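J.: Here you go, one structure.
What follows is calculated from the coordinates using simple rules that are stated; it is not laboratory data. On a predicted model such as this, the values are computed, not experimentally measured, just so you know. Neighbour counts run over all protein chains shown; Cβ positions are idealised from the backbone, glycine included.
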Amino acid sequence: MDAIIRQSRVAGRVRAPPSKSYTHRAILAAGYGGEAVVTDPLVSADTLATMRAVEAFGGTVERAEDDSSLSVAGFDGRPDVPDDVIDCTNSGTTTRLVTACGALADGLCVFTGDNSLRSRPQGPLLDAIDQLGGRAESTRGNGQAPLVVGGHTGGGRVSIPGDVSSQYITALLMAGAVTAEGIEIDLETELKSAPYVDITLEVLADFGVEAERTDAGFSVPGGQSYAAAGGEYAVPGDFSSMSYLLAAGAVAAGEGAAVVVEGARPSAQGDSAIVGVLESMGASIEWDREAGEITVPRASLSGTTVDVGDTPDLLPTIAALGAIADGETVIENCEHVRYKETDRVSAMAEELEKMGATVTEEQDRLTVNGGESDLVGTRVDGRGDHRIVMSLAVAALVADGETTIEGGEHVDVSFPGFFDAMASLGVDVGRSE
C-alpha cells in the first residue's frame, strides 16, 4: 500500500497505542507462568508472532473481541517441543525472546522468519545458549535464522557482548528464572539500549520474578514462578509510537492549536527521552504525568545533538525532525541502529535526501542539516520498516506538495491505526494499492 500525505496542519487529541516492548514481554511472561490476563495489549503483526510462539510451546492465548485483553494459559516454565517450525515473521524481539525459551525444551525447536529477519544477527545469543549447555545452531552457519535450539538448558554463567542487542539479555533473564540454577550474565562490552532491559526487569517484577543488575552484568535466580499480581497485567502506552505524534504536533500544529497525546504515563521506557529531545530543539511541552497526557504546540525547532545508544528506535523520528529544524542535528552512537528491520541509518539518510534534505552519513553518526533543507513532496520507500514509514510521514507534513510513501501497510507491525490517528488530527492522508 502507498500512503499519500499532503502538507497539513494538525490539532486535537489522540491516544498512543500500547507499548510493543511491554506487550511482547507480558505475553511471554504469562506464557512462562500458569494463567494471566494481559490488559490493554498492542495487537500487531509482531506481537501476534509472540502469541503464536506461546501457543506452539503448549500455552493458549485468547483475544477479547475488541482486543482489549489477552487471556493466557501458560506452559508453567517448561515449553513443549513445537509440532512445527515457529515462524517469527518480521519480529526480531519475538525471535530472540523465544529462542532462549526454546533452549529449555526437551527436544529441538526451529525458528525462522521473513527475509529481513533472516538477515539479523543472532550469533551472540546462540553462543550464550551453548555456554549454558544447550544446543543452538544457525542452519546456514552464519549466526542468522533459521535457528535450531533445544537441550533442556539448566542455567549457569554466560559471557555475552552488550553492544549488539539488549534483547539477548532480556531473553536470557526471562528464561533463566525457570531454570534449575538461574543465569549469571557477564557483559563483555558496554550495554546498548539499556532501558529495554529496565523494561524487562520491571515486567519480571510485576510477574513476581526476581532479577537484578550486578557489577558484571545481570543475575536471575532459578526455580522461580511467573505470576502476575491479581492475575492481571496492564500494558502502558508506547513512547516509540508516541514519538511520531509528538513530533507531528511540534512541526505542524495549527496556529494557536496543539496536539494532545493520551496514554503517556511514566514507565521504564527509554524512548520517553523523545520529550527531552523535542524540548532541546525548542518545543514547548506540557506533560501531565498523573493524567498521562502530553500537549505539544508547533514550535520553531533548532538542531541538537542526540546520543541514541540507549534509544535506537528514536533515530528515524529525530532524523525527520532534524530535516525540518533550523541548523544541524547530529545523531551519535547509532551503528547498532543499522541492524534493525532495515539499516535505519542509511534508510533515513537516503529517503530524506530524496525529499531535499542535506544529510551526511557515517558509520556511527548521522548529521541532518535542516538549515540547508527545503523539503518537497516526492515518492519515498518505507523500506518495509514501520518506523521508517511513520518518520517519513512526519517529514511529509511540512514538505511542499504531496509525498507518497511506499509500503505504508508496514505500520501494522507496531501502530496499526497510525494513518487513522493522523487523519483524526487533520492530516490530509490517502491510501493507494
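J.: What is the order of SER193, SER116, fewest Cβ neighbours within 10 Å to most?
T.: Listing SER193, SER116 from fewest to most nearby Cβ atoms yields SER116, SER193.
J.: I'd like the Karplus ³J(HN,Hα) series for the stretch 399-412: coefficients 6.51, -1.76, 1.60, θ = phi - 60°, whole numbers in Hz, and an x wherever there's a Gly or Pro.
T.: 6, 6, x, 10, 10, 10, 10, 6, x, x, 5, 6, 4, 4
J.: Sticking with this one: What is the order of GLU372, GLU351, fewest Cβ neighbours within 10 Å to most?
T.: In order of increasing Cβ crowding within 10 Å: GLU372, GLU351.
J.: Here is a follow-up. Quick one: what are the phi-derived ³J(HN,Hα) couplings along the stretch 314-328, Karplus 6.51/-1.76/1.60 with θ = phi - 60°, whole Hz, x for glycine and proline?
T.: So the J values, rounded to whole Hz, are 7, 4, x, 5, 5, 4, 5, 4, x, 6, 9, 5, 7, x, 9.
J.: Could I ask something else about it? What dipole magnitude, in Debye to the nearest 20, does the chain give about its Cα centre under +1 on Lys/Arg Cβ and -1 on Asp/Glu Cβ?
T.: 220 debye
J.: Quick check: residue separation of ARG265 and ASP163 times 0.36 nm, minus the Cα distance between them. What number comes out in nm?
T.: The span from ARG265 to ASP163 would gain 33.9 nm if fully extended.
J.: What is the Å³ per residue value for the convex hull set by the Cα atoms of the stretch 189-260?
T.: 129 Å³
J.: While we're on this one: Have a look at the DSSP beta bridges in the stretch 253-352 and tell me what percent are antiparallel, nearest 5.
T.: Of all bridge pairs located within the stretch 253-352, approximately 65 percent are antiparallel.
J.: Please give the charge dipole size of the stretch 32-103, origin at the Cα centre, charges +1 on K and R Cβ atoms and -1 on D and E Cβ atoms. Round to the nearest 20 debye.
T.: So the magnitude is around 320 debye.
J.: For the chain, what D do you get in µm² per second when you plug the Kirkwood radius from alpha-carbon pairs into Stokes-Einstein at 25 °C and 0.890 mPa s?
T.: After rounding, the answer is 113 µm²/s.
J.: Right, something else. Longest exposed-loop-site-free stretch of the chain, with trypsin sites (Lys or Arg not before Pro), DSSP loop and at most 15 other Cβ within 10 Å?
T.: Here the longest segment lacking exposed loop sites spans 141-288.
J.: Which of the lysines could be linked to LYS192 by a straight reach, that is with a Cα gap under 27 Å, when you skip same-chain ones fewer than 8 residues away?
T.: LYS20, LYS340
J.: Can you pull the one-decimal nm distance between simple spin-label points at GLU353 and VAL376, each 7 Å off the Cα toward Cβ?
T.: 1.7 nm
J.: Could you give the radius of gyration (one decimal) and Dmax (whole number) of the Cα atoms in the stretch 312-381, in Å?
T.: 11.0, 30
J.: Per-residue ellipticity at 222 nm for the chain, helices alone: DSSP H runs ≥ 4 residues times -39500 (n - 2.57), over residue total, nearest 500 deg cm²/dmol?
T.: Mean residue ellipticity at 222 nm (helix-derived): -9000 deg cm²/dmol.
J.: Here is a follow-up. Rounded to the nearest 20 Debye, what is the dipole magnitude of the stretch 20-234 about its Cα centre when Lys and Arg each give +1 and Asp and Glu each give -1 at the C-beta?
T.: So the dipole magnitude of the stretch 20-234 works out to roughly 520 debye.
J.: Given axes a ≥ b ≥ c from the Cα gyration tensor, I'd like to know whether the stretch 324-433 is rounded (a/c under 1.5), prolate (a/b larger than b/c) or oblate.
T.: oblate
J.: Along the stretch 182-197, what does the Karplus equation 6.51 cos²θ - 1.76 cosθ + 1.60 (θ = phi - 60°) give for ³J(HN,Hα), rounded to whole Hz, x for Gly and Pro?
T.: x, 9, 9, 10, 9, 7, 7, 9, 4, 7, 8, 6, 4, x, 5, 6
J.: Please report LEU187, LEU397 as a ranked list, fewest other C-beta atoms within 10 angstrom at the top and most at the bottom.
T.: LEU187, LEU397
J.: Compute the Cα gyration tensor for the stretch 20-234, then decide on rounded, prolate or oblate, letting a ≥ b ≥ c be the square roots of its eigenvalues: rounded whenever a/c is under 1.5, prolate when a/b is larger than b/c in the other cases, and oblate in all that remain.
T.: Rounded, since a/c falls under 1.5.
J.: If you don't mind, another one. What translational D, rounded to a whole number of µm²/s, comes out for the stretch 49-101 from Stokes-Einstein when the hydrodynamic radius is the Kirkwood one over Cα pairs, at 4 °C and 1.567 mPa s?
T.: Answer from the Stokes-Einstein relation: 111 µm²/s.
J.: Looking at ALA49, ALA3, ALA100, which one has the Cα that reaches farthest to the positive end of the dipole of the stretch 1-118 (charges on Cβ: Lys, Arg +1; Asp, Glu -1)?
T.: ALA3
J.: How would the stretch 1-129 be classified by its alpha-carbon gyration tensor: rounded, prolate or oblate, with rounded meaning a/c under 1.5 and the a/b versus b/c comparison settling the rest?
T.: oblate
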